[in-house]
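Comments concern the structure below.
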Amino acid sequence: MSALRRKFGDDYQVVTTSSSSGSGLQPQQGPQQQQQLVPKKKRQRFVDKNGRCNVQHGNLGSETSRYLSDLFTTLVDLKWRWNLFIFILTYTVAWLFMASMWWVIAYTRGDLNQAHVGNYTPCVANVYNFPSAFLFFIETEATIGYGYRYITDKCPEGIILFLFQSILGSIVDAFLIGCMFIKMSQPKKRAETLMFSEHAVISMRDGKLTLMFRVGNLRNSHMVSAQIRCKLLKSRQTPEGEFLPLDQLELDVGFSTGADQLFLVSPLTICHVIDAKSPFYDLSQRSMQTEQFEIVVILEGIVETTGMTCQARTSYTEDEVLWGHRFFPVISLEEGFFKVDYSQFHATFEVPTTPYSVKDQEEMLLMSSPLIAPAITNSKERHNSVDCLDGLDDISTKLPSKLQKMTGREDFPRKLLRMSSTTSEKAYSLGDLPMKLQRISSVPGNSEEKLVSKATKMLSDPMSQSVADLPPKLQRMAGGGPRMEGNLPAKLRKMNSDRFT
């Protein structure tokens, strides 16, 4: 198969067929496999490799009049053959019209019949017919001035026509010559010396899966303020059922870091990191064989010699993106300068690259690491525990300030709340239990009731230690349970009642 591709190129695909003998429809056992070359169906591109957009506007109707409102731009956008035709036609019609006007003046004055009379003064000397009137106009318009034909002061209508001819000639010259100058000075041809690699590649760079392609400048003159942008054209369907043909998505090629601003002196490799924000987040080597997309690359800059803005475009379809390839280096250090070898500009070589998408890699990494796996918890129990801690917090705030200071546990419920909120990061099989209780639960014979009693004991130890730190009198008062309020002195009871109210 590889030999066939090398012989016939990539425009053909190999199709395996089975040949069977006999006239029946059922093939014989053990059919002989044959390979045939079938021309590959051409991929319809939105933008050609040379940057031309394959878009035609049709059924404009009355909207075509908008082209005449911007006549100058319309003439500049025309092809060269139409520009030359309009240029020649306009001057020919203008010359014939003005020559006819001079002939009409001579005819109405009778100069054509009395031109050879010795004492007669015509409007234009030596104009006898239409060819002589045409020659007079050309000599006047081109400021040749042979001196044989000239206008006299006995012809006021000729003087007015002469002024009109000068104004009309200046307008026609400015319009047509300006149009031709703009047409010739367009920077479209400057884009011919801006190169793009024939293929884009996907491989690892800096530990990340990256889409890369190469751009280069063949001229020594620089592209000032060169900037590159990439668009992904792909048809999709919205959740509402709307079909969007050729939906345009932005590909980040360093906009946030400034890497899209190019110093295009030597060939550069443009990179698009494939991450969770990339449209290629779920693209793998296998899925790329069934995907249909087109990457449009737009390079803009100011031509250093003319100061005009130039734009070069190209595109890469899915079959022009090589998975697991990398570009050959083209820059070498010579004696006193750097040399660019453009013979290797489009060359690539294979490198080890994972065939999985970035999404699949992250999921496999998540499944292989138990510390990153999410905790399997009951959301209802979590809310109940948080509500319980909020109740403890309310009870603690109702204690007198002196007792809160003496116990030193004003933020104890808050600590419990923070501890309960962080247990999901440390536990993944036992819910919200701390790591210490998880290790205890792994010992055989520890039932759920024992774990609950141990957890209650652990939570009650800090409170019992804080009560042990109190004076003996307050310890007896605290041990009274519900009758602690009655054992308090009158002053403390009054303070407590004031606080509750």
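The values are calculated or read from the model by the stated rules, or taken from the named source; none is laboratory data. For clarity, every value in this text was computed on a predicted model and none was experimentally measured. A quick note on method: Cβ atoms are made from the backbone with ideal geometry, for glycine too, and the neighbour counts reach across all protein chains shown. What goes into the accessible areas is simple: the full protein's heavy atoms, side chains included, and nothing from ligands, DNA or RNA. Shrake-Rupley method; radii C 1.70, N 1.55, O 1.52, S 1.80 Å.
Check region 268-291 and report whether any residue there is open to solvent by 50 Å² or more (accessible area, probe 1.4 Å), assigned to a loop (DSSP other than H, G, I, E, B) and free of Cβ contacts under 8 Å to residues at least 12 places away in the same chain. Among the residues of region 268-291, at least one is open to solvent by 50 Å² or more (accessible area, probe 1.4 Å), assigned to a loop (DSSP other than H, G, I, E, B) and free of Cβ contacts under 8 Å to residues at least 12 places away in the same chain, which makes the answer yes. Among the residues making up region 345-359, those that are more than 17 Å from Met288 (Cα to Cα) and either within 25 Å of the chain's Cα centre (by Cα) or surrounded by 15 or more Cβ atoms within 10 Å (Cβ to Cβ) (or both) are Phe345, His346, Ala347, Thr348.
Of all residues in region 67-105, those being open to solvent by 90 Å² or more (accessible area, probe 1.4 Å) and over 12 Å from Phe137 (Cα atoms) number 10. Tell me whether region 126-136 contains one or more residues that are surrounded by fewer than 14 Cβ atoms within 10 Å (Cβ to Cβ), more than 60 Å from the chain's Cα centre (by Cα), assigned to a helix (DSSP H, G or I) and free of Cβ contacts under 8 Å to residues at least 40 places away in the same chain. Yes.
Residues in region 234-267 that are among the acidic types (Asp, Glu) and loosely packed, with under 10 Cβ neighbours inside 10 Å: Glu240, Glu242.
Right, Ala200: modelled with pLDDT of 90 or more, of a type in the set (Gly, Ala, Ser) and either more than 22 Å from Val296 (Cα to Cα) or in contact with a Ser or Thr (Cβ under 6 Å, 6 or more places away or on another chain) (or both) or not? Considered against the rule, which asks whether it is modelled with pLDDT of 90 or more, of a type in the set (Gly, Ala, Ser) and either more than 22 Å from Val296 (Cα to Cα) or in contact with a Ser or Thr (Cβ under 6 Å, 6 or more places away or on another chain) (or both), Ala200 comes out as no. Taking the numbered list (1) assigned to a strand (DSSP E or B); (2) open to solvent by 50 Å² or more (accessible area, probe 1.4 Å) in turn, Val296 passes all entries but (2). Among the residues of region 234-266, those that are closer than 21 Å to Glu318 by Cα, of a type in the set (A, V, I, L, M) and in a strand (DSSP E or B) comprise Leu244, Leu246, Leu249, Leu251.
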